[in-house]
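Reviewing the structure listed below.
The values are calculated or read from the model by the stated rules, or taken from the named source; none is laboratory data. A quick note: this is a predicted structure, and the numbers were derived from the prediction, not measured. So basically every Cβ, Gly included, is an ideal-geometry build from the backbone, and we count neighbours across all protein chains shown. All accessible areas refer to the heavy atoms of the entire protein, side chains included, with ligands and DNA or RNA removed. Shrake-Rupley method; radii C 1.70, N 1.55, O 1.52, S 1.80 Å.
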Amino acid sequence: MSDMYGFHISSPLIESISMSKRLGSDVYLKMENTQPSGSFKIRGIGHLVQQLAGSKSNGVVCSSGGNAGLATAYAARKLGIPATIIVPSSSPRLVLDKLQDHGASVRVVGKVWDEANAEAVRLAESEKLTLVPPFDHPLIWEGHSSLVHELKAVLPHEPGAVVLSVGGGGLFCGVVQGMDDVGWGHVPILCMETVGADCLNAAVKAGRLVTLPDITSEAKCLGAKTACSQAFEYSKRPNIISELVTDRQALQATELFLDEERVLVELACAASLAAVYSGVIQRLQDRGRLPKPLGPLVVIVCGGSGINSAQLQHLHTVCK
Ligand SMILES: COC[C@H](NCc1c(COP(=O)(O)O)cnc(C)c1O)C(=O)O
């Protein structure tokens, strides 16, 4: 089923009783892990692929930590066009297998996403393919903004705040634009990153875009070394908050979420859940940065396919 934007579904918005209890106010979960490609990515990427490639294209190429690649492969399969996905060596084997299950051809290039991206740009030019950027494109942001329109349709009141994870900043840009569209442009947005994949937080602290020397977080799907410039521009707004958690806090959030909500998510997604589980929201309230009590908190459970029980065990041996 696809709507006017792309191939995504209108995802469930469920109340988390356990998180609401921890926070002392209502917490709603926007379950993007239920999207057909496994994450929110299909919203923006489905939209871009339909607008720029379509069924007449001779193919698409996407550089990805994994989830943008899965969204590209899914959309390409639905359109009946070939997809080539370039991933860095940090992407887990299980993601490569899923990409191939979608019929995509997969190339492993470089250690981090930025290096895979350079190869995708080269390939798009040399083989006349449509380049699908994982986060830095207005059509991606337009597609992601559909998430906020769904919130507007079902939430009884405007949110007290929205929590989301930041890699290159595409989800963040889409949510800001959606919030502006529906008249919620003043609502606080809490941008969560992990230490070692903190390109937006580093830019906010430096007052300019910066490029990280490396990605040292295990949340590889947040592993863009530079945030997109639009995300940096939006981060200057007074209602935008940028915070960090450690990989260990994200891992703890993954396990608490699994126990309490019976859903397994990637570290990239758990960075947002850790905003509640690790007390980030509560500290912001104590500092007066967020109101107390807080109106309904919406946590975007962005999903991600780079996780299974074996990967979860592995993360215990590497997360600091
Ligand atoms: C390097 O990787 C960038 C991108 N992942 C990005 C991503 C994000 C952050 O989204 P962004 O801020 O990049 O739009 C959040 N949550 C999950 C599960 C993600 O996979 C990718 O898959 O290529």
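Given the criteria farther than 22 Å from VAL298 by Cβ and either in the same structural domain as GLY167 (by TED's automatic domain parsing) or of a type in the set (D, E, K, R) (or both), does LYS56 qualify? Here the answer is yes, as LYS56 does meet what is asked.
For segment 178-199, a residue qualifies if it is within 21 Å of ALA153 (Cα to Cα) and within 13 Å of the ligand (Cβ to nearest atom), and exactly one does: ILE189.
The rows are residues; the columns are (1) touching a residue at least 24 places away in the same chain (Cβ under 8 Å); (2) under 21 Å from ALA197 (Cβ atoms); (3) surrounded by fewer than 16 Cβ atoms within 10 Å (Cβ to Cβ).
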{"position": "LEU244", "(1), (2), (3)": "yes, yes, no"}
{"position": "ALA250", "(1), (2), (3)": "yes, yes, no"}
{"position": "ASP259", "(1), (2), (3)": "no, no, yes"}
{"position": "LEU264", "(1), (2), (3)": "yes, yes, no"}
{"position": "ALA271", "(1), (2), (3)": "yes, yes, no"}
{"position": "ALA275", "(1), (2), (3)": "yes, yes, no"}
{"position": "VAL299", "(1), (2), (3)": "yes, yes, no"}
{"position": "GLY303", "(1), (2), (3)": "yes, yes, no"}
{"position": "VAL318", "(1), (2), (3)": "yes, yes, yes"}
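Residues in segment 205-215 that are more than 14 Å from the ligand (Cβ to nearest atom) and either assigned to a helix (DSSP H, G or I) or open to solvent by less than 50 Å² (accessible area, probe 1.4 Å) (or both): 3 in all. Screening GLU218 on (1) acidic (Asp, Glu); (2) part of a loop (DSSP other than H, G, I, E, B); (3) open to solvent by less than 10 Å² (accessible area, probe 1.4 Å) shows it passes everything except condition (3). Only residues that are open to solvent by less than 30 Å² (accessible area, probe 1.4 Å) and either near the ligand (Cβ under 6 Å from one of its atoms) or within 11 Å of PHE7 (Cβ to Cβ) (or both) were counted across segment 73-83, and they come to 3. Against the conditions (1) within 14 Å of the ligand (Cβ to nearest atom); (2) closer than 20 Å to VAL162 by Cα, where does SER229 fall short? Just the number, please. Single failed check for SER229: (2).
In a residue-by-residue description of segment 155-168, the property of being out of contact with any His (no Cβ under 7 Å at 6 or more places or on another chain), in a helix (DSSP H, G or I) and closer than 22 Å to SER242 by Cβ applies to no position.
Pairs are defined by a Cβ separation below 6 Å, a sequence spacing of at least 6 or placement on different chains, a first member in segment 150-179 that is farther than 13 Å from ILE300 by Cβ and open to solvent by 10 Å² or more (accessible area, probe 1.4 Å), and a second member that is more than 8 Å from the ligand (Cβ to nearest atom) and not hydrophobic (A, V, I, L, M, F, W, C); the pairs so defined are GLY160/GLY295; GLY160/PRO296; GLN177/SER145.
Of all residues in segment 25-46, one or more are open to solvent by 10 Å² or more (accessible area, probe 1.4 Å), of a type in the set (S, T, N, Q) and within 12 Å of the ligand (Cβ to nearest atom).
Among the candidates ALA161, ALA116, the residue that is within 11 Å of the ligand (Cβ to nearest atom), small (Gly, Ala, Ser) and in contact with a strand residue (DSSP E or B) (Cβ under 6 Å, 6 or more places away or on another chain) is uniquely ALA116.
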